Amino acid sequence: MKERVKRTMKKATAIALAAAMIVVAAPAGRSEAKVSIKYGTFSYAYNKGKAVWMIDVKKAKNNKVKIGIVWSDKNKSFDTGKHFAKKLKSTVSFNVKGKYLGNEKTKTIKGSITFKGKKLKCVINGQKFTAKYVPDTPVREEPEQDVWVTATDPTIQEGVQEKFDIINKADNGTTYTSIATFATKMTAEGTTWRVFAKETDNMPGGKSYYTILEITEYLDASVAITRQYTTMLGDLDAGTAGGWSLCASPVLDSSLSPKLNDLASQLTSGLDGVSITPLAQIATKVVAGQSFLIACEKKAVTPSANPTYFFITATVGLDGTVSIDKDSVVNVYTV
């Protein structure tokens, strides 16, 4: 009887163990087939926000995923150039080349990405990090602070002009004339604008200067000039023959803008991780054709970069060709 009980128990135990093995093993196969993933852009900033990984994940056909990777710090940046397709698994391994921006150098990007819904567990070139999903329209309790946002339209808007009117009412012996808006940023204290302006001394015989002002509207609605950067530009509104005259509008001529993008980028030849953006046309003069004084932004391709500015002279010849006088570049440092 005892022997029969022992044999029965052994048999029951064996069946139970076999069943347990089946229960444990089954999900492992299913987990590879069903990957929970949020498609879109994921990012990971490190080194106090001075460098960043950006990973773009798109859905592809035949149970594949398309991945694009960009990396940058304040000195240089590279990306994969285009998305590469991999079979969609819970962990995707890859070995692809990234291309440095601004030159022909390449870098091999080797690693793996484990999909965790709205997070990616990454190991890239030996660096381990978790990249988080970046919504297309981020919802924040407060606006992102201390980040300069380049103006898409340099025209002086009514709200910005109101700030100049308030400042000019103060009895400070100086009048400021707004010309073009360069950038805006939100801070814990309020909103700040970077504006290119003409500063005129109200005293008899007073001179005029051109400057970049940071004007802040504080939370209590008060307005003040918080920083000022001298440009060292000469008279841009002389109105004399062969001299500069301020443009009626700072918006770049649509036929000039594409050519400026290519030519301005030549000025950063050899500088990795730097972007150049023509912002506004400031003044013009008649030569053998027509010359324009163009304000440009120079910024490192990194999160929260503080842009600097420079001015170039672009000339449209009688035959329509556009050239830049490299010897006339005027830099303005805002750091």
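The values are calculated or read from the model by the stated rules, or taken from the named source; none is laboratory data. Everything quoted here is computed from the prediction, not taken from an experiment. A quick note on method: Cβ atoms are made from the backbone with ideal geometry, for glycine too, and the neighbour counts reach across all protein chains shown. Note: accessible area is taken over every heavy atom of the protein model, side chains too, but ligands, DNA and RNA are not part of it. Shrake-Rupley method; radii C 1.70, N 1.55, O 1.52, S 1.80 Å.
Scanning segment 277-291 for residues that are hydroxyl-bearing (S, T, Y) and open to solvent by less than 20 Å² (accessible area, probe 1.4 Å) gives a single hit, S291. Of the residues making up segment 39-57, those that are among the charged types (D, E, K, R) and in a loop (DSSP other than H, G, I, E, B) number 2.
Just for segment 275-308: of the residues that are farther than 30 Å from Y44 by Cβ and in contact with a Cys (Cβ under 7 Å, 6 or more places away or on another chain), which one is modelled with the lowest pLDDT? Of everything passing the filter in segment 275-308, P278 is modelled with the lowest pLDDT. Go through segment 56-67 and give me each residue that's touching a strand residue (DSSP E or B) at 6+ places or on another chain (Cβ under 8 Å) and surrounded by fewer than 18 Cβ atoms within 10 Å (Cβ to Cβ). If the condition is that a residue be touching a strand residue (DSSP E or B) at 6+ places or on another chain (Cβ under 8 Å) and surrounded by fewer than 18 Cβ atoms within 10 Å (Cβ to Cβ), then K58, K59, A60, N63, K64, K66 are the ones that fit. Quick check: is even one residue across segment 45-55 touching a Gly at 6+ places or on another chain (Cβ under 8 Å), open to solvent by 60 Å² or more (accessible area, probe 1.4 Å), modelled with pLDDT of 80 or more and within 19 Å of A131 (Cβ to Cβ)? The answer is no, given that none of the residues of segment 45-55 is touching a Gly at 6+ places or on another chain (Cβ under 8 Å), open to solvent by 60 Å² or more (accessible area, probe 1.4 Å), modelled with pLDDT of 80 or more and within 19 Å of A131 (Cβ to Cβ). Each residue in segment 72-105 was checked for being modelled with pLDDT under 85 and either in contact with a Pro (Cβ under 6 Å, 6 or more places away or on another chain) or open to solvent by 80 Å² or more (accessible area, probe 1.4 Å) (or both), and 6 pass.
Residue pairs whose Cβ atoms lie under 7 Å apart, sitting 6 or more positions apart in sequence or on different chains, and linking a residue in segment 224-252 that is under 20 Å from Q161 (Cβ atoms) to a partner that is of a type in the set (F, W, Y) and not in a loop (DSSP other than H, G, I, E, B), are L236/Y210.
The residues of segment 133-175 that are exposed (fewer than 15 other Cβ atoms within 10 Å of the Cβ), among the basic types (K, R) and at pLDDT 75 or above amount to a single one, K169. Scanning segment 58-110 for residues being farther than 15 Å from Y39 by Cβ, polar (S, T, N, Q) and not in a strand (DSSP E or B) gives a total of 5.
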